[in-house]
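Structure first, commentary second.
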Amino acid sequence: MLEEKLNNLPDKPGVYLMKDHKGGIIYVGKAINLKNRVKSYFVSQHADSPKTRLLVQNICDFECILTDTEVEALILESNLIKKHKPKYNIRLTDDKHYPYLRVTVQEAYPRIEIVRSIKKDGARYFGPYTDTGAVNETLKLLKRIFPVRSCKQAVFTRQERPCLNAHIRQCQAPCCGLISNEDYRKIINEVILFLEGRQEDLIRRFNLRMLKAAEELQFEKAAEIRDQLQSIEKIIEKQKIISERLVDMDVINYARNENETCLEIFFVRRGKLLGRDHFFIEGPAGISGQEILTAFLKQYYSRTEYVPLEVLLPETVEEKAVLETWLAEKRGARVSLKVPQKGDKRDLLELVGKNAQESLQQEFRTKRHQDKKGREALSEIAQALALPTEPVRIECYDISHIQGTQTVASMVVFERGKAASAEYRRFKIKTTDGPDDFAAMAEVIKRRLSKASTGDEKFQTLPDLIIVDGGKGQLSAALAVMEGLGYGALPLAALAKENEWLFVRGNPNPLILPRDSQGLYLLQRIRDEAHRYAITYHRLLRGKRSLSSALDEIPGIGPKRKAALLKHFGLSLKKIAGASSEELAGVEGINNETARQVWDYFHPAEIQ
């Protein structure tokens, strides 16, 4: 069957997905000619590398997706790798969701806010910023220098009185008509200049404005501008000048040891070093530096809004031409991938390499320290609970509700002292009415162990220790269920939050671990994670219920229209409430009359 599929492959660009005997995707690749590329995996010359030999041994099937161009194939390949996380692809292990600064230029009176994702909504995004604290400080500074509004609504009605921010001169009160749209836009343009790193242009503008205010004897205004100038100049002083050429570039280098690879990136904007970051990658053994850099470029720039004019690299990458084409499309202008051989750029590249080596060593030291503490914690837990061995897999359960409504439960898993988030599970409590935590705990333990008894793959691995959030009542409820299902031998303990006491079966008195115990720290971390996961799920369900309840009250909104609104506005009641009639009418299945009814429902005070 595999040979027949190989013979029928098209000679067109696209993406191929290699699958194992279970149908799981183990590798995703792209090709300008699918027929030649996929067949090459089964030719001995191509399979010389250990990685490829191991991959080919596990291929039982494959699937192809055609695209019009190689660039489209590259984009699809990146998206599929991110979605499926194939075993034999190189992947960034740092799934960081960096903050961005979003300037809502699509609104009549734009505002600035911090967001964690980029959307195609017409706004300007700046970032990503690698330091959350720094981006918060930047936002505070921007609001101090530039008096733009902080209120959240996309469309606001005319107010009679300005807010507190206007009184302290951190807003020009467009809601009260105290500034024209044209003048407000000038302020926003200056914010954008600042975020683009063009502070020198801003300084020239502010100097001219300050001189003009002084000439017109507006000394208080001149003093305000002087203070703004000083704030901007302080920022410039902190920025290290890398190049006399006012060029934007990212400088990327890497360092490797036997087990890991660290990639370091410096962000240079208009000749100044604005920031840096590092990433660790995981992938099969035997991968080359070219493969590492190629995979990094695809994955990093697929989730980054801004692409600079130049990207400096330590060696030439595979698919250089198609990568440059793709990056140029993202940037809207030419992008060059360069390998400098001498001069300042080569020196800078070597500096980035040294930083990558230091980051790699620091990561090794940190992991070694964490592993030591983890082993110590598990040893203390095993000793305190009289376990025969250290608990490799610990499961913890928590219940969340509000006065007995929307009751949910969480199951979090830690393996060898580290969170195994892929193993987390969550449950809607079905058989318990009212605020009965004991019955809810009994239900979730019963459902989890019953699934293990029936061979459910997601629940087949049994824990070495079960922790329930609570005291003697939760312990007794869980124990009764476990014994009834034949799992009474599994170690079980309850961790009571009030005094951080442990309760175990057969002992009426609590076990009290020392406050500085690594074992107690780990148990608290696991319990707090279970609580967080349960609360998050409860809020999600509560939000969906509130959203559906609100939409159900609007005349003319049935199940289909409700579903269309929820899909269009990303399950956000706030976005639906803040949308204009025109935006609502743009939703599939919503006509002008219905859009007006929705708008009227959320703006009763504005109906004349």
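No lab work stands behind these numbers, since they all come straight from the coordinates. What you are looking at is a predicted structure, and each value in this text was computed from that prediction instead of being measured. Backbone-built Cβ (ideal geometry, glycine too); neighbour counts: all protein chains shown.
What whole-number distance in Å separates the alpha-carbon centres of the stretch 294-338 and the stretch 13-84?
Answer, in whole Å: 22.
For the stretch 435-487 and the stretch 558-594, what is the centre-to-centre distance using only Cα atoms, to the nearest Å?
Going from one Cα centre to the other spans 42 Å.
On the Cα set of the stretch 247-366, report Rg and Dmax in Å, please.
Expressed in Å, the Cα Rg and Dmax of the stretch 247-366 come to 13.9, 42.
In this model, which of Lys418/Lys497; Lys19/Lys451; Lys143/Lys186; Lys19/Lys82; Lys119/Lys272 are farther than 19 Å apart at the alpha-carbon?
Cα-Cα > 19 Å for Lys418/Lys497; Lys19/Lys451; Lys119/Lys272; rest within.
Bin by bin, in steps of 10 Å, what percent of the Cα pairs in the stretch 486-543 do you find, going until the bin that has the longest distance?
Reading upward from the zero bin: 19, 40, 29, 11, 0.
I need the Kirkwood Rh of the stretch 347-500: take the reciprocal of the average 1/r across all distinct C-alpha pairs and report it in angstrom.
After inverting the mean inverse Cα-Cα distance, the result is 17.6 Å.
How many percent of the alpha carbon pairs in the stretch 2-88 exceed a separation of 17 Å?
46
For the stretch 461-519, with equal point scatterers placed on the C-alpha atoms only and solvent neglected, what are the log10 I(q)/I(0) values from the Debye formula at q = 0.13, 0.14, 0.20, 0.27 1/Å, to two decimals?
Listed by q, the Debye log ratios stand at -0.34, -0.39, -0.74, -1.17.
Projected onto the charge dipole of the chain (+1 at Lys/Arg Cβ, -1 at Asp/Glu Cβ, origin at the Cα centre), which of Leu492, Val322, Met441 gives the Cα projection farthest towards the positive end?
Met441
Given R₀ = 60 Å, FRET efficiency for Glu553-Lys39 by Cβ-Cβ distance, to 0.05?
Approximately 0.50, to the nearest 0.05.
Taking a 26 Å limit on the Cα-Cα distance, which of the listed pairs Lys87/Lys373; Lys140/Lys338; Lys428/Lys562; Lys87/Lys342 fall beyond it?
Lys87/Lys373; Lys140/Lys338; Lys87/Lys342
Got a sec? How would Leu351, Leu584 order by Cβ neighbour count within 10 Å, fewest to most?
Leu351, Leu584
Given +1 on the Cβ of Lys and Arg, -1 on the Cβ of Asp and Glu, and no further charges, what dipole in debye does the chain carry about its Cα centre, rounded to the nearest 20?
400
GluC sites (Glu not before Pro) within the stretch 457-499: which are DSSP loop residues with at most 16 other Cβ atoms inside 10 Å?
Glu498
Could you compute the FRET efficiency for Arg116 and Glu4, with r as their C-beta to C-beta distance and R0 at 60 Å, rounded to 0.05?
0.80
Computed over the Cα atoms, what is the radius of gyration of the chain divided by 2.2 N^0.38 Å, N being its residue count?
1.17
Only helical DSSP H runs with n ≥ 4 go in: add -39500 (n - 2.57) per run for the chain, normalise by residue count and round the 222 nm mean residue ellipticity to 500 deg cm²/dmol.
The helix contribution divided over the chain gives -14500 deg cm²/dmol.
Which order do His531, His167 fall in if you start with the one that has the fewest other Cβ atoms within 10 Å?
Final ranking by Cβ density, sparse to dense: His167, His531.
Between Glu457 and Glu215, what is the FRET efficiency for a Förster distance of 51 Å, r being their Cβ-Cβ separation, to the nearest 0.05?
Approximately 0.05, to the nearest 0.05.
Would you list Val15, Val247, Val43 from fewest to most Cβ contacts within 10 Å?
Least to most surrounded, the residues fall as Val43, Val247, Val15.
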